Amino acid sequence: MTKQALETSSTIDGFLIGEKLHVGGMASLWSVTRSDIDSPIVMKVPTIMDGEDAEVIVGFEMEMMILPRLSGPHVPRVYGVGDYASQPYIVMEYIDGQSLFPLLEQSPLPAEQVITLATKIANALHELHRQNVIHFDLKPSNIMQRANGDITFIDFGLSRHLQLPDLLEEEFHIPMGTGPYISPEQVLQNRSDNRSDLFSLGVILYHLSTGQRPFGFPQNANGLRHRLWRDPIPPRQHQRNIPVWFQEVILRCLEPDPDKRYPTAAQLAFDLQNPGEVKITERGEKIKADGFFSVLKRRMGFAATIGTPRQPDQSPWLNAPIVVVALDLSDDSEALQQALRMHAANVLARIPDARLACVNVLRQNRLTMTYALDEEGRNLHVQRLVELKEWARPLGLSRDKMTFHVLEHVDPAAALLEYTRSNHVDHILLGAQGTGALRRLMGSVSSQIVAEAPCTVTVVRVPETKAD
Amino acid sequence: MRIAFLSDIHGNREALEACLSHAARQGYDKLVFLGDLVGYGADPVYVVDTLADLVSKGAQSILGNHDAAAAAGLIEGMNDYASASIEWTHQELDQAQKDLLLGMPLSIEDEDRLYVHAEASSPRSWAYITDPASAERSLRSHAARLTFCGHVHKQQLYHMTPQKPPVLFIPQSAIPVPLIGNRKWLAVQGSVGQPRDQNPAAAYSLLDTQRNELTYFRVPYDIEASAAKIHAAGLPNILAARLFIGR
């Protein structure tokens, strides 16, 4: 398919070809320059193009289709795409950084290091999914860490854009992915579920924290199927110092049934950023892999347990939002608290995968920042948590659907906004504030949230009773 | 260049106006009409006159089976309500309007694009494209990289590599699809004036040749007005009723 051999010092569509940087199985990378582009850029060109290697051609087509539609620090910026008929290529930014691949050699890494990395990857993955793209080939060599620490995904040859044709789906009748990392549903050739990427991320986290691959390195299709029923050895059996909650998180990512994993990368990131709120189940406490009979049972009945594949036209994050209810328990009237509860219940009833975070801000005095550290401060903090739980009790939600947070900050609005941004909150519910003199003096938290929050905000108000 | 494709208007003035004004807001350089300007709807005269005006300004238009039937007054092979509307349309149109319809070509080739009303291997047979097999017959019958057709009233996009059968993609409204790669694309248009995919909004598409992207659109229009005219003209009720449910 390559119509002309690329040569150093030749020019294609204004790009001056420099040195060949890398030759891979599927593509080669060339350093290129163009007079109007200041930053370092590279040209990716498919390697074997004899018309026979359909996977390489279609994978490259997919990348040409998807990459220019993505934006943000978690994907390479694209500067040009070549016409397929003459010379297929993608020119993109040169990423100053390293892939995670060398980390495998150093594993097991300390749990804190893996958790920090996991949080960054989950946050970046949520941004990718929000742009309607599922990567489908997450592995250490496809995850770059930039010099500034940002995570960037590369190699979108197996990826899928949920709003564009999937050129790969009908083309191949074999599982597509990389042996150690491929999700069970990809093994079954389903390419429509964002949670497949969470499985692959789970494999990476398992490997980095234990030094072991959870499902080995299967070399054939039969070996790939084992992960449909064979659970991995619990990470803590390899490394006792992995926290129970983190084992819970890793094993939840590695659930063979996508319905049992996190519904979104945002919800995974939420747990990683709020370890105290992770609901520990058998998964976290497990000390050895399941016995022969449970595995056999799963093996016999697997088809029934994997659940229905997602429809590709659904945007999963819309079905699994993180909803915050911000409660001012000291000031909100009973009527307002009830109204907030009703609105929260409505949202949660409508969207089954939604998750509710009940948040209260404990206002700190600017002059006594150490306040929270003394006995009185601790008591107050605990008291607020108790009150939050009491507010939520009538909702009757299980602990994995609902979390409680008391933020300590001098500025309640700033605290909520910060919380919203770092936890990918989709919807904030909060009560309207009264109109008393004190309120006017202090400014309205709700109006600042409405103006600045990067998500939907519902301000709940109880109608005033008119005085006669 | 940006080309707007409108197919199967079927005498629906309100739907045509809504699509043309939507396309104008998007910006286009050229209009291509893919057949069946008339039949079913109550405004054949307005639609044909509008087309004549647009053609004089550079639009292209090809013949559909309803255009041929209405101009010639032939109702052979049509069901009751279709033939009732063809006979009525035949009465409404004057000779100049009929001549204009009959003068339209069966297909047009333009650079790497083919415009045709129905399945392209035998345009005059008016065969439907409803599945990969019929799409493949159409795609293999000519060399054009991109084919634009109508006739089935359902938005469908097929893509095919030389070695494999085509694959169907159902486009989403207002999402540009890159027509990339060493493959052929068959862009079946939805209907402007009588959608049949359970979505009553009018359908058209816009190709950007520079960006090599095709965007399908759905445009709401005043269905009540179109339906009222169908009733007033004494055409079969079903022709009005189906507009509301897109079937």
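For the stretch B:132-178, filtered to residues that are within 11 Å of chain A (Cβ to nearest Cβ) and of a type in the set (Val, Ile, Thr), the residue that is surrounded by the most Cβ atoms within 10 Å (Cβ to Cβ) is B:VAL177.
Of A:SER200, A:SER192, all but one fail to be within 14 Å of chain B (Cβ to nearest Cβ) and of a type in the set (S, T, N, Q); the exception is A:SER192.
Looking at this structure, is A:PHE172 in a loop (DSSP other than H, G, I, E, B) and modelled with pLDDT of 95 or more? Spelling it out, it is not the case that A:PHE172 is in a loop (DSSP other than H, G, I, E, B) and modelled with pLDDT of 95 or more.
Okay, residues lined up against (1) under 25 Å from A:ALA124 (Cβ atoms); (2) among the polar types (S, T, N, Q); (3) buried (at least 18 other Cβ atoms within 10 Å of the Cβ):
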residue: A:GLY377; (1), (2), (3): no, no, no
residue: A:HIS381; (1), (2), (3): no, no, no
residue: A:ARG384; (1), (2), (3): no, no, yes
residue: A:ALA392; (1), (2), (3): no, no, yes
residue: A:SER398; (1), (2), (3): no, yes, no
residue: A:ASP411; (1), (2), (3): no, no, no
residue: A:ALA415; (1), (2), (3): yes, no, yes
residue: A:VAL425; (1), (2), (3): yes, no, yes
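In the stretch B:153-161, the count of residues that are under 24 Å from B:TYR40 (Cβ atoms), touching a strand residue (DSSP E or B) at 6+ places or on another chain (Cβ under 8 Å) and hydroxyl-bearing (Ser, Thr, Tyr) is zero. Summed over the stretch B:184-205, the residues that are part of a loop (DSSP other than H, G, I, E, B) and of a type in the set (A, V, I, L, M, F, W, C) give a count of 2. The residue pairs whose first member lies in the stretch B:1-21 and is under 13 Å from B:HIS151 (Cα atoms), whose second member is among the hydroxyl-bearing types (Ser, Thr, Tyr) and not in a strand (DSSP E or B), and whose beta carbons are closer than 8 Å, counting only pairs six or more residues apart or on different chains, are B:SER7/B:SER191; B:ASP8/B:SER191; B:ILE9/B:SER191; B:HIS10/B:TYR40; B:HIS10/B:SER191. Is it fair to say A:LEU29 is hydrophobic (A, V, I, L, M, F, W, C), within 21 Å of A:ILE143 (Cβ to Cβ) and assigned to a strand (DSSP E or B)? Criteria met by A:LEU29.
Does A:HIS226 qualify as being at pLDDT 95 or above and farther than 17 Å from A:ASP197 by Cα? Considered against the rule, which asks whether it is at pLDDT 95 or above and farther than 17 Å from A:ASP197 by Cα, A:HIS226 comes out as no. If you scan the stretch A:182-201, which residues turn out to be over 18 Å from the mean Cα position of the chain (by Cα) and either assigned to a loop (DSSP other than H, G, I, E, B) or β-branched (Val, Ile, Thr) (or both)? Selection gives A:VAL187, A:LEU188, A:GLN189, A:ASN190.
Evaluate the following for B:LEU114: is it out of contact with any Ser or Thr (no Cβ under 6 Å at 6 or more places or on another chain) and under 21 Å from B:VAL152 (Cα atoms)? It is false that B:LEU114 is out of contact with any Ser or Thr (no Cβ under 6 Å at 6 or more places or on another chain) and under 21 Å from B:VAL152 (Cα atoms). Quick check on my filter: what residues within the stretch A:144-159 are surrounded by 20 or more Cβ atoms within 10 Å (Cβ to Cβ) and either within 12 Å of another protein chain (Cβ to nearest Cβ) or assigned to a loop (DSSP other than H, G, I, E, B) (or both)? Passing the criteria: A:ASP155, A:PHE156, A:GLY157, A:LEU158, A:SER159. Put simply, of A:ALA453, A:ALA392, A:ALA357, A:ALA415 the only residue that is modelled with pLDDT of 85 or more, within 23 Å of A:LEU268 (Cα to Cα) and touching a Cys at 6+ places or on another chain (Cβ under 6 Å) is A:ALA392.
Scanning the stretch B:186-207 for residues being in contact with a Leu (Cβ under 8 Å, 6 or more places away or on another chain), surrounded by fewer than 24 Cβ atoms within 10 Å (Cβ to Cβ) and within 14 Å of another protein chain (Cβ to nearest Cβ) gives a total of 0. The condition of being surrounded by 24 or more Cβ atoms within 10 Å (Cβ to Cβ) and modelled with pLDDT of 95 or more does not hold for B:HIS22. If you go through the stretch A:202-213 and keep only what is closer than 15 Å to A:GLY177 by Cβ and either in contact with a strand residue (DSSP E or B) (Cβ under 9 Å, 6 or more places away or on another chain) or not in a helix (DSSP H, G or I) (or both), you end up with A:ILE204, A:ARG213. Just one of (1) in contact with a Lys or Arg (Cβ under 9 Å, 6 or more places away or on another chain); (2) modelled with pLDDT of 95 or more fails for A:ARG213. It is (1). Evaluate the following for A:ASP332: is it at pLDDT below 90, crowded, with 20+ Cβ neighbours inside 10 Å and either more than 17 Å from A:ASN423 (Cβ to Cβ) or not assigned by TED's automatic domain parsing to the domain that holds A:VAL410 (or both)? For A:ASP332, the condition - at pLDDT below 90, crowded, with 20+ Cβ neighbours inside 10 Å and either more than 17 Å from A:ASN423 (Cβ to Cβ) or not assigned by TED's automatic domain parsing to the domain that holds A:VAL410 (or both) - is met.
For the stretch B:115-128, filtering for residues that are buried (at least 16 other Cβ atoms within 10 Å of the Cβ) and over 13 Å from B:GLY35 (Cβ atoms) leaves 2. Regarding A:ARG298, is this residue surrounded by fewer than 21 Cβ atoms within 10 Å (Cβ to Cβ), in contact with an Asp or Glu (Cβ under 9 Å, 6 or more places away or on another chain) and part of a helix (DSSP H, G or I)? Yes: the conditions hold for A:ARG298. Scanning the stretch B:114-129 for any residue that is within 14 Å of another protein chain (Cβ to nearest Cβ) and either at pLDDT 95 or above or touching a Gly at 6+ places or on another chain (Cβ under 6 Å) (or both) turns up nothing. Within the stretch A:62-84, residues that are within 18 Å of A:GLU127 (Cα to Cα) have Cβ atoms under 6 Å from residues that are part of a helix (DSSP H, G or I) and of a type in the set (Gly, Ala, Ser) in these pairs: A:HIS74/A:ALA124, counting only partners at least 6 apart in sequence or on another chain. Only one entry of B:GLY58, B:GLY27, B:GLY11, B:GLY77 meets the criterion of being at pLDDT below 95 and at positive phi, and that entry is B:GLY77.
Checked against (1) in contact (Cβ under 8 Å) with a residue 40 or more places away in the chain; (2) closer than 30 Å to B:PRO132 by Cα, A:GLU169 passes all but a single condition, namely (1).
The values are calculated or read from the model by the stated rules, or taken from the named source; none is laboratory data. Computed from a predicted structure; not experimentally measured. Positions of Cβ are generated from backbone atoms using ideal geometry, with glycine treated the same way; all protein chains shown enter the neighbour counts.
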